[in-house]
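Single-structure report; data block below.
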Amino acid sequence: MLQGILIIVLFLIVAGMMITKKMPTLLALPLLAVGIAIIARVPMVGVDADGAAVGFLQTILEAGSTRMAGAYIAVVFGAWLGQMMNKSGVTENMIKKAAELGGDRPFIVTIVLSVVVALLFTTLAGLGSVIMVGTIVLPILVSIGVPALTAVSIFLMAFTSGLTFNLANWQTYTSIFELPIESIRQFSGYLLIATSIATLVLIIVEFKRNGIKFSFSAPNTETEAVGQLKGFSGLMAMLTPALPIILVVVFNVPVVPSFFAGIIWIAIFTYKGWNKTMNLITKACYDGFSDAAPAVILMVGIGMLYLSVTNPIVKDVLQPFMLTIIPSTKLPYILFFIVLAPFALYRGPLNLFGLGSGIAALIIGLEILPSLAVMGAFLAVERVQAGGDPTNTHNVWAANFVGVEVNVITKKLLPYLWLVTAIGVVISAVLYF
């Protein structure tokens, strides 16, 4: 009992240090993994009667560093494709074409730009891509009369919609929940619909609240894009974000080959000579690895924490607490995850890219809830984190870019994101109980 109490206290201390920014998540997760193992008295090194390693140096630190290798390789290839889109001008051209399509109708411009942002972030990843897209989209929105706070809120909601179908994220979730990607895809479809509707409602509410006209002679936001894409090849290049999704969803192609197919596709349709294209691919690869590095390091820590909390010795220690706290029937399950959804903020205990990955693994390991129900609840709660967490680097950058305080954005978006979470949790309860 004392060991279990100490582990819970350690969870709270580490969570507090992350919330107050006293310790970065990439360091906190490995330290938490080791701390839990030590408190539960998992040996440092050793083997069992069959000669298998049982020490936490081998089974948690060493094995955990590669536990999510499939996920972070997918992140790397996704970032590589994202850099190809940025450097070839595909991203910029898609946004400019969307603005042109809206013409002199601010409402239509906003809707179309939101759709394009969502589509882009099914493939793009990393702060660099957020900056690339945001520096084009946000000034366009502001130039047609959308207030800065509203513009950045719409941008982040569209971004969150796109993340729902981000293939690299799907690969991460399959590693955390140990479920096939098909299960992730099916539930993500419901979340995509709910988040997209919430984004549309946000746009309508903000347009009416701020008195923005739905149609007027807007200033010309079109500027000549560097390396402007035209004709059939330009159209094909701008279909790049859809290609990996089609390959995964329709043809069941694995994620990494789908991203690689996208890289080849965009190289063909933006071809500007052998040397230039090879240089583009190489530079995009290097920059993509750089973009992916923070996520990769974080996933190494998540892998360690996962193996720590699923260690048989640790599970025996924590089982009484988890059986008491985590609901195992439908209605308490719904209330628990809806009410506590804000605990996904500030790298809290329901944040899949923080403590939540370990807690989800523990719930599954102790068989308190079906794996699918755990997946549904945590992916629903992830909506709050993806668009509303003020510790997200993309939230911080976007807030600074438009000159608003990052917590103000969280207050603006939380009601919408919380409602999406509630819908997702209810759907999960209906499907998986």
(message) Among the numbered criteria (1) at pLDDT 90 or above; (2) closer than 23 Å to Ile73 by Cα; (3) open to solvent by 30 Å² or more (accessible area, probe 1.4 Å), which one does Lys276 miss?
(response) (2)
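Is it the case, given these coordinates, that Glu100 is within 24 Å of the chain's Cα centre (by Cα), of a type in the set (Asp, Glu) and open to solvent by 20 Å² or more (accessible area, probe 1.4 Å)?
Values: within 24 Å of the chain's Cα centre (by Cα): no; of a type in the set (Asp, Glu): yes; open to solvent by 20 Å² or more (accessible area, probe 1.4 Å): yes.
It is false that Glu100 is within 24 Å of the chain's Cα centre (by Cα), of a type in the set (Asp, Glu) and open to solvent by 20 Å² or more (accessible area, probe 1.4 Å).
Looking at Pro342, Pro332, Pro327, which is the one that is on the phi < 0 side of the Ramachandran plot, surrounded by fewer than 16 Cβ atoms within 10 Å (Cβ to Cβ) and either in a helix (DSSP H, G or I) or out of contact with any Phe, Trp or Tyr (no Cβ under 7 Å at 6 or more places or on another chain) (or both)? Spell out how you get there, then give the answer.
Working: Pro342 fails: surrounded by fewer than 16 Cβ atoms within 10 Å (Cβ to Cβ); Pro327 fails: either in a helix (DSSP H, G or I) or out of contact with any Phe, Trp or Tyr (no Cβ under 7 Å at 6 or more places or on another chain) (or both).
Going through Pro342, Pro332, Pro327 in turn, the sole match is Pro332.
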(message) Just to be sure I understand the filter: pairs with C-beta atoms under 6 Å, separated by 6 or more residues or on different chains, first member in segment 250-262 and open to solvent by less than 80 Å² (accessible area, probe 1.4 Å), second member not in a helix (DSSP H, G or I). Which pairs pass?
(response) Gly262/Thr240
(request) Report, by residue number, each residue of segment 70-114 that is within 27 Å of Thr282 (Cβ to Cβ) and aromatic (Phe, Trp, Tyr). (result) Tyr72, Phe77, Trp80
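Looking at Pro349, Pro320, which is the one that is surrounded by fewer than 21 Cβ atoms within 10 Å (Cβ to Cβ) and closer than 26 Å to Tyr416 by Cα? Give the derivation first.
Details: Pro320 fails: closer than 26 Å to Tyr416 by Cα.
Every option except Pro349 fails the conditions.
Can you name the residue in segment 392-415 that is farther than 16 Å from Val117 by Cβ and in contact (Cβ under 8 Å) with a residue 60 or more places away in the chain and, of all such residues, is most open to solvent (accessible area, probe 1.4 Å)?
Within segment 392-415, the first condition is being farther than 16 Å from Val117 by Cβ, and the residues that meet it are 393, 396, 399-400, 403-408, 410-412, 414-415.
Checking the rest, the ones that are also in contact (Cβ under 8 Å) with a residue 60 or more places away in the chain come to 393, 399, 403-404, 408, 410, 412, 414.
Details: Thr393: 89, Ala399: 1, Gly403: 67, Val404: 35, Val408: 60, Thr410: 15, Lys412: 42, Leu414: 41 Å².
So, considering only residues that are farther than 16 Å from Val117 by Cβ and in contact (Cβ under 8 Å) with a residue 60 or more places away in the chain, the one most open to solvent (accessible area, probe 1.4 Å) is Thr393.
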(request) Sort out which residues of segment 120-129 are buried (at least 24 other Cβ atoms within 10 Å of the Cβ) and part of a helix (DSSP H, G or I), and write them in order of number. (result) Leu120, Ser129
(message) Suppose we filter Thr91, Thr59 for residues that are closer than 24 Å to Val309 by Cα and hydroxyl-bearing (Ser, Thr, Tyr); which single one remains?
(response) Thr59
(request) Inspect all residues belonging to segment 331-352 and state whether any of them is touching a residue at least 60 places away in the same chain (Cβ under 8 Å) and among the small types (Gly, Ala, Ser). (result) yes
(request) Could you check, for segment 312-334, whether at least one of its residues is under 25 Å from the mean Cα position of the chain (by Cα) and closer than 25 Å to Ile13 by Cβ? (result) yes
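Taking the criterion of being within 24 Å of Gly126 (Cβ to Cβ), of a type in the set (Lys, Arg) and part of a helix (DSSP H, G or I), would at least one residue in segment 280-287 satisfy it? Before you say what the answer is, go through the steps one by one.
Our first condition is that a residue be within 24 Å of Gly126 (Cβ to Cβ); within segment 280-287, this holds for 280-287.
Checking which are of a type in the set (Lys, Arg) leaves us with 283.
If we keep only those that are part of a helix (DSSP H, G or I) too, we end up with 283.
Checking segment 280-287: at least one residue is within 24 Å of Gly126 (Cβ to Cβ), of a type in the set (Lys, Arg) and part of a helix (DSSP H, G or I).
Of the residues Val146, Val45, Val117, which single one is buried (at least 24 other Cβ atoms within 10 Å of the Cβ), hydrophobic (A, V, I, L, M, F, W, C), modelled with pLDDT of 90 or more and in a loop (DSSP other than H, G, I, E, B)? Break it down into steps so the answer makes sense when it comes.
Numbers: Val45 fails: buried (at least 24 other Cβ atoms within 10 Å of the Cβ); Val117 fails: in a loop (DSSP other than H, G, I, E, B).
Val146 is the lone residue from the list that is buried (at least 24 other Cβ atoms within 10 Å of the Cβ), hydrophobic (A, V, I, L, M, F, W, C), modelled with pLDDT of 90 or more and in a loop (DSSP other than H, G, I, E, B).
The values are calculated or read from the model by the stated rules, or taken from the named source; none is laboratory data. Owing to the predicted nature of the structure, the values given are computational and were not obtained by experimental measurement. Here Cβ is always computed from backbone atoms with ideal geometry, including for glycine, and neighbour counts include all displayed protein chains. Just the protein is used for accessible areas: all its heavy atoms, side chains included, with ligands, DNA and RNA removed. Shrake-Rupley method; radii C 1.70, N 1.55, O 1.52, S 1.80 Å.
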